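Participant: This is the structure I want to talk about, given as structure tokens.
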Amino acid sequence: KSIGVKNRVSQASDTVTRRVARKNADRGEIEWTSYEHEYRVRGNYWFLYPLTLATAGIVFGILTRSYLFIGFLLIAFIALTVYMKRPPRLLTFRIERRGVWIGHQFHDFGKLESFWIFEHPLLTSELLLEKRHGFNSLLNLRLENVSVSDVKEVISLYLPEKEQKAAASHQIARIIGF
């Protein structure tokens with residue numbers, strides 16, 4: 001089953017690679033297509049790690065009679081399993097005069113504060129957009145199939161560049177395969 005998903009993702013990836021990013025410098029726009037995150041095929045062994053942690057947490061919950069905690073762990077494990085089996089969505093990113101489109105979501109430049117580009121030598125580079133308000137203050141856009149310099153040229157017309165540090169949760173997620 002996962003092999004079929006992997007083939008669909010790699011076939012779609014080949015199609016995306018052939019699709020060149022469109023840049024219209026006169027209008028200050030650029031558009032590209034990328035997956036929302038890197039897809040990794042995970043065997044059944046991968047799910048043993050969260051299952052082991054969930055089981056240890058459930059045993060702890062039973063010993064402390066914390067049934068709410070047990071319920072939370074069960075829901076979290078199920079949600080994680082469903083999320084990890086789902087292949088990443090193919091998104092279209094677009095920077096234009098009014099703001100940034102991430103798929104069907106629009107983010108107005110008035111609600112964004114700055115940008116920073118993480119250039120990873122071995123991984124896909126990322127454009128980070130800092131929001132002025134909100135719980136999740138950083139938006140991550142994968143810069144796959146697009147020139148990093150072209151994106152930087154266009155986004156710098158609208159937002160100041162401000163160095164950001166990757167959130168610890170984002171770094172941990174990359175290490176464990178999210």
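The values are calculated or read from the model by the stated rules, or taken from the named source; none is laboratory data. Note that the structure is a prediction, hence the values are computed from the model and not measured. Note: areas computed on protein heavy atoms with side chains; ligands, DNA, RNA excluded. Shrake-Rupley method; radii C 1.70, N 1.55, O 1.52, S 1.80 Å.
Participant: How large is the translational diffusion coefficient of region 117-160 in µm² per second when you combine the Kirkwood radius over alpha carbon pairs with Stokes-Einstein at 4 °C and 1.567 mPa s? Mind dumping the intermediate values first?
Facilitator: Details: Rh = 11.3 Å.
The diffusion coefficient I find is 114 µm²/s.
Participant: When the accessible area of region 37-142 is split by element with a 1.4 Å probe, what percent falls to carbon and sulfur? Don't skip to the end; give the middle numbers.
Facilitator: Numbers: 4540 of 6980 Å².
Of all accessible area on region 37-142, carbon and sulfur atoms account for 65 percent.
Participant: If you don't mind, another one. Give the separation of the Cα centroids, region 81-121 to region 38-65, in Å.
Facilitator: About 30 Å separates the Cα centre of region 81-121 from the one of region 38-65.
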